[in-house]
2 protein chains.
Amino acid sequence: MELARIFQLEARDGDARAGRLLLPHGEVPTPVFMPVGTRASVKTLDCRDLRELEITMLLGNSYHLYLRPGLEVMRGSGGLHPFMRWEGPILTDSGGFQVFSLGDLRKLKEEGAEFRSHLDGSRHLFTPESVVEIQRALGSDIMMQLDECPPGDCDEAYASASLELSARWALRARRAWEESRPLHGHPQALFPIVQGGVHDHLRRRSMELLLAHDWPGVAIGGLSVGEAKPDMRRITALCGRELPVDKPRYLMGVGTPEDILESIALGVDMFDCVLPTRNARKGTLFTSLGRVNARSARHAMAFDQPLDPACDCFTCRHYDRAHLRHLFHVEEISAMRLGTLHNLRYYLKLMEGARAAIRAGCYPAYLQACLAPYRTAAPVV
Amino acid sequence: MELARIFQLEARDGDARAGRLLLPHGEVPTPVFMPVGTRASVKTLDCRDLRELEITMLLGNSYHLYLRPGLEVMRGSGGLHPFMRWEGPILTDSGGFQVFSLGDLRKLKEEGAEFRSHLDGSRHLFTPESVVEIQRALGSDIMMQLDECPPGDCDEAYASASLELSARWALRARRAWEESRPLHGHPQALFPIVQGGVHDHLRRRSMELLLAHDWPGVAIGGLSVGEAKPDMRRITALCGRELPVDKPRYLMGVGTPEDILESIALGVDMFDCVLPTRNARKGTLFTSLGRVNARSARHAMAFDQPLDPACDCFTCRHYDRAHLRHLFHVEEISAMRLGTLHNLRYYLKLMEGARAAIRAGCYPAYLQACLAPYRTAAPVV
């Protein structure tokens, strides 16, 4: 089997872990935050921006790329890496989450998930096998199994049946992975996804079913989908304790600086979220001083004051708050890019700091120091 | 008087001219195309993009900047140059054109132009004097007089009365210029604007009134506003022949590659237009092979083929048509920036080539070679 071993654990501080993913397109220090490049582009950025930000790994969305530009283009281009001029590692999701959140008239059956495109109403069927095929076309370093992601408030019976289905799909995906070959000349890993809602015994059942097999890594799904925060923390902690120590753990779709730092403390290695990029486009910026609303008139005359004095991003090195506030106020497109550059750099530095703190054995203090400005009632600035 | 001499004429080829503007923020080889930075930002670009494109001079819009961020911010920031992190020369328009095209309930009187903001309906009065004051706050290298820009289809009586009013305003602007001082430590030039519609004798009358005084340069207004193309060419040629040889001539708001190259042949030195940036955001790109619709499905599989094989812009160096088409197709924000980078680079190289051709005495051949692909009926690609 290809790529069964892609992780080196390097240090632990409590349950927090520092390690390294060994992937075809490079090594990735963990904990890692993967910016989301939904449609072969991290919104507003270009390929040089990605390099200069020192992004180590990206996430791509199978659902979107399957619909546009489609698999013919993805195969013809040599995969997502050359297509988007990104040479580092990529993880692709299975598209399942988008089928359930974006697709119309979706129908779930044993075979797979049927849906209509949110773009043109055309009918499609995602199966565990077809989704591996899609990700073969994309050529990601890490592929995800197709799973069902039930809503955070679903009842126990639904969560139970759903995790059983997702586990059967995991094994079908695994077979498709084993029986297919990479299209673009490099091996690809496959992660199963632990489901089971907010129920400890269901999460244990999901892990039992999945971990009967050896996988390169494991994802934790079905969190940050509307459940209560204490439930999310408890389930993350449970998975953190009970998942194999030698495999990377990926908490899907999480999240805020607070959620990420606390999940690292619970043993998670990998994260992705649209939050820093989406919020940036609306002018909500994350800084060492807490959240900043870049549109606020209070910045109008803030000449020569960078957004975040502790930040080394392009935006903070070149512009002051007065200019940034003006750009957001008049809704210039460039504001969205400058905000995105900052927010991603903030997230990446947060992860670099987390890794250093774990290796130095002072992660709890690091977490408290980073989150203090986020726990005040109002934004500092 | 400050800045009476800002132009060196270096070479002529027929009526086409190569020269040099000598401005407080640097020297500008002419012919020059000034990208439009309406609201202290060339849409989608940042300050590094502007430098890397080798832009030599920018245009800013007084109307927009007066409304947002407003004069208090512009004065406090030290002017447009530090505010937008652009160290090269800037020309600002007078805002008159926007008052007539964007302002609501505008009322024209001898004193000036009254209007309501298109943003919030607030009432404002632009006078020749207040518009100099606005441009003093902006700190542009070249300021423009307030003028009335009548529509291209107005009758002769209207055009005549209008040019007389604009000429009186020019003299009031001149006095305000002479009697005021720069706010940001560098001198600022002022250009009057020749009006008179498509009527040769009215254009001559306008020049006679304005050129009774010595100015650093002269603008040609009221063209490219709906008049027939032969009228535009004839009036441009008239001004090209009759304006003082030793002063730079600025044809406002023009235009297409064809309009610009032909106007250079008629003796124009300076241009600005939103066309390359606005079209870029819609996916209409200018190339050495003619206009390209970047959205077209014909590019879907054009791997490893740059948009323009003759172009050295960031976009053409990093992306192929397949990727660019995808980005425009799915309406990624980054497509607008990549298109803008290309179109501006194309325009700037067109001007560099024009200057070199004039100095080499082969401008007519250069013009024909550049425009040939634009004169075919359909886009080449």
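The values are calculated or read from the model by the stated rules, or taken from the named source; none is laboratory data. Since we're looking at a predicted model, the values are computed, not measured. All Cβ positions, even for glycine, are placed from backbone atoms using ideal geometry, and neighbour counts span all protein chains on display. Just the protein is used for accessible areas: all its heavy atoms, side chains included, with ligands, DNA and RNA removed. Shrake-Rupley method; radii C 1.70, N 1.55, O 1.52, S 1.80 Å.
Within the stretch B:71-80, the residues that satisfy the criterion of being open to solvent by 10 Å² or more (accessible area, probe 1.4 Å) and either more than 8 Å from chain A (Cβ to nearest Cβ) or part of a loop (DSSP other than H, G, I, E, B) (or both) are B:Leu71, B:Arg75, B:Gly78.
Considering the stretch A:315-330 alone, what residues qualify as being under 15 Å from B:Arg85 (Cβ atoms), open to solvent by 20 Å² or more (accessible area, probe 1.4 Å) and facing another protein chain (nearest Cβ under 9 Å)? Result: A:His318, A:Arg325.
With within 25 Å of A:Arg106 (Cβ to Cβ), open to solvent by 20 Å² or more (accessible area, probe 1.4 Å) and of a type in the set (A, V, I, L, M, F, W, C) as the only criterion, which of A:Ala167, A:Ala161 stands out? Spell out how you get there, then give the answer.
Working: A:Ala167 fails: open to solvent by 20 Å² or more (accessible area, probe 1.4 Å).
It is A:Ala161.
Does A:Thr376 satisfy the condition of being touching a residue at least 60 places away in the same chain (Cβ under 8 Å) and part of a loop (DSSP other than H, G, I, E, B)? Yes.
Got at least one residue in the stretch B:94-115 being open to solvent by 30 Å² or more (accessible area, probe 1.4 Å), within 14 Å of chain A (Cβ to nearest Cβ) and outside any loop (DSSP other than H, G, I, E, B)? Looking through the stretch B:94-115, none of the residues is open to solvent by 30 Å² or more (accessible area, probe 1.4 Å), within 14 Å of chain A (Cβ to nearest Cβ) and outside any loop (DSSP other than H, G, I, E, B). Within the stretch A:123-136, the set of residues being surrounded by fewer than 24 Cβ atoms within 10 Å (Cβ to Cβ) and out of contact with any strand residue (DSSP E or B) (no Cβ under 7 Å at 6 or more places or on another chain) comprises A:Thr127, A:Glu129, A:Ser130, A:Glu133, A:Ile134, A:Arg136. Please work out if A:Val28 is buried (at least 18 other Cβ atoms within 10 Å of the Cβ), farther than 21 Å from A:Gln145 by Cα and within 13 Å of chain B (Cβ to nearest Cβ). In short, no.
All conditions in (1) within 30 Å of A:Leu125 (Cα to Cα); (2) surrounded by fewer than 16 Cβ atoms within 10 Å (Cβ to Cβ) hold for A:Pro35, with the sole exception of (2). Considering only residues that are within 14 Å of chain A (Cβ to nearest Cβ) and among the charged types (D, E, K, R), look in the stretch B:331-369 and name the one that is nearest to the chain's Cα centre (by Cα). Of everything passing the filter in the stretch B:331-369, B:Arg337 is nearest to the chain's Cα centre (by Cα). Within the stretch A:43-59, the set of residues being under 28 Å from A:Gly103 (Cα atoms) and more than 13 Å from chain B (Cβ to nearest Cβ) comprises A:Met57, A:Leu58, A:Leu59.
Any idea which of (1) more than 24 Å from A:Glu10 (Cβ to Cβ); (2) open to solvent by 10 Å² or more (accessible area, probe 1.4 Å) is the one A:Ala356 doesn't satisfy? Every condition holds for A:Ala356 apart from (1).
For a quick check of your reading: which helices (runs of 4 or more DSSP H) sit entirely within the stretch B:278-372 and have at least 2 residues that are under 20 Å from A:Leu45 (Cα atoms)?
Numbers: elements: B:314-318, B:321-329, B:333-360, B:363-371.
In the stretch B:278-372, B:314-318, B:321-329, B:333-360 are the helices (runs of 4 or more DSSP H) which contain 2 or more residues that are under 20 Å from A:Leu45 (Cα atoms).
Checking each residue in the stretch A:276-305 for being away from chain B (no Cβ under 13 Å), open to solvent by 40 Å² or more (accessible area, probe 1.4 Å) and in contact with a Ser or Thr (Cβ under 9 Å, 6 or more places away or on another chain) picks out A:Arg291, A:Asn293.
Please specify each residue of the stretch A:178-187 satisfying the condition of being in a helix (DSSP H, G or I) and of a type in the set (Ser, Thr, Tyr). Can you show your working first?
Applying the first criterion (in a helix (DSSP H, G or I)) to the stretch A:178-187 yields A:178-179.
Listed by number, the list is empty, since nothing qualifies.
When the residues of the stretch B:219-237 are filtered to those that are of a type outside the set (Ser, Thr, Tyr) and crowded, with 21+ Cβ neighbours inside 10 Å, which remaining residue is farthest from B:Asp272 (Cα to Cα)? Among those residues, the one meeting the criterion is B:Ile235.
Those residues that are open to solvent by 30 Å² or more (accessible area, probe 1.4 Å), out of contact with any helix residue (DSSP H, G or I) (no Cβ under 6 Å at 6 or more places or on another chain) and within 11 Å of another protein chain (Cβ to nearest Cβ), I need them from the stretch B:81-91; list them, please.
At the first step, the residues of the stretch B:81-91 found to be open to solvent by 30 Å² or more (accessible area, probe 1.4 Å) are B:82, B:85, B:87.
Add one more test, that the residue is out of contact with any helix residue (DSSP H, G or I) (no Cβ under 6 Å at 6 or more places or on another chain), and what stays is B:82, B:87.
The one that is open to solvent by 30 Å² or more (accessible area, probe 1.4 Å), out of contact with any helix residue (DSSP H, G or I) (no Cβ under 6 Å at 6 or more places or on another chain) and within 11 Å of another protein chain (Cβ to nearest Cβ): B:Pro82.
Note on the stretch A:40-70: residues that are on the phi > 0 side of the Ramachandran plot and either of a type outside the set (Ser, Thr, Tyr) or open to solvent by 10 Å² or more (accessible area, probe 1.4 Å) (or both) total 3. Among all residues of the stretch B:136-155, there is none that is more than 19 Å from B:Gly79 (Cβ to Cβ), assigned to a helix (DSSP H, G or I) and not polar (S, T, N, Q).
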